[in-house]
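Quick note: the coordinates plus some simple rules give every number you see, no bench work behind them. All figures in this text were calculated on a predicted structure; none of them were measured in a lab. Positions of Cβ are generated from backbone atoms using ideal geometry, with glycine treated the same way; all protein chains shown enter the neighbour counts.
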Amino acid sequence: MPPGMPRGHLSWGTTVGGTMTTPAPDSPVTPEIPEIPPTLGSVVEEGRGSLPFALIHGEGLVACAAWALGDAGVTAVDFGTPWAAIVESGEPFVLHDALCPMTPASFVADCVNAAVDRDAVVVGVRPVTDTVKRVEDGTVGATVDRESLVAVASPVVLPPGVVAALDGLPSLDFAELVTALRARFPVELVEAPATARRVGSADDVRLLEALTTP
C-alpha cells in the first residue's frame, strides 16, 4: 500500500482531507482517563490476517486493543450483535483496530467525548512521514506536500445519531468505512499519539514494542 494519496481519499497508511485537531505533545506521564457516557464498541480484527494475534510485550495485539477499550470505559459487544440492538441502545459506537494495539485508553475516551459533544464521527489519524510522489500514467512526478496528508489509525467513533442513521457498518476496512461515512456525515480527524500508530508487519510490531517499552 503506498504511503500517500491525494486529499479526500482514504486508505491504510494513506491520506485524508479535512481539518485535523492536534493534541498536546505526547507526555511520558500516563494521562488520566476522562469519563465517558455509556458507550458500546468492538475491536476489529477481520480482514487483517494473522497479525492481530502477534505478540507485543508478551500479549496479543487484539488483546491489548480490547484492554484499551475496556480501560476507556467502553462496553464491548460482539460483531454478531444485531445492528438494531446497537441502535436501540442509543449509545455511541467505537470501532477500534486490532492493529493499533497500543492506542492509549485516554485517547479513545477523548475521541468518544468529542464525537458526542460535536455530533460528528471522530477518527484517529497520524501524520504521514514518508516521502510521497504523484504518479501519472506510470510516471513518477512531483513530491506531495506531507502537511496535507494524514494516515488513518484508530479509533473510529460513531455518535448515536450516526448509529441510528445507518443500517449497519458499510465496511470493516477503516479507510473504506470513513470514506463512506464522510459522504453522509460530518467527520472530524484527531491526531493520535505516536503510540497509537497502526502496524502492518512483524517489523512494525517490534518497532512499536521498542517505542512503548518503559
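Positive contributions from Lys and Arg (+1) and negative ones from Asp and Glu (-1), summed over other residues with Cβ under 15 Å from the Cβ of R118, come out at -3. The HN-Hα couplings worked out from phi for the stretch 200-207 by the Karplus form 6.51 cos²θ - 1.76 cosθ + 1.60 (θ = phi - 60°) are x, 7, 4, 5, 4, 5, 5, 5 Hz, whole numbers, x standing for Gly and Pro.
Rounded to 0.05, the FRET efficiency of the E59 and E32 pair, given R0 = 30 Å and the Cβ-Cβ distance, is 0.85. Here the residues C64, C100, ranked from fewest to most Cβ neighbours within 10 Å of their Cβ, fall in the order C64, C100. Taken one residue at a time, the phi angles of the stretch 156-173 give Karplus couplings (6.51, -1.76, 1.60, θ = phi - 60°) of 10, 10, 9, x, x, x, 6, 4, 5, 7, 9, 8, x, 7, x, 6, 9, 7 Hz. Gly and Pro are set to x.
Count Lys and Arg as plus one, Asp and Glu as minus one, and take only other residues whose Cβ is under 15 Å from that of D78; the net charge is then -2.
Among T179, T212, T81, a tally of other beta-carbon atoms within 10 Å of each Cβ gives an order, fewest to most, of T81, T212, T179. Length gained on full extension, E46 to A194: 50.9 nm, using 0.36 nm per residue less the C-alpha separation. About its Cα centre, the stretch 32-211 has a charge dipole of approximately 320 debye under the convention of +1 per Lys or Arg Cβ and -1 per Asp or Glu Cβ, with nothing else charged.
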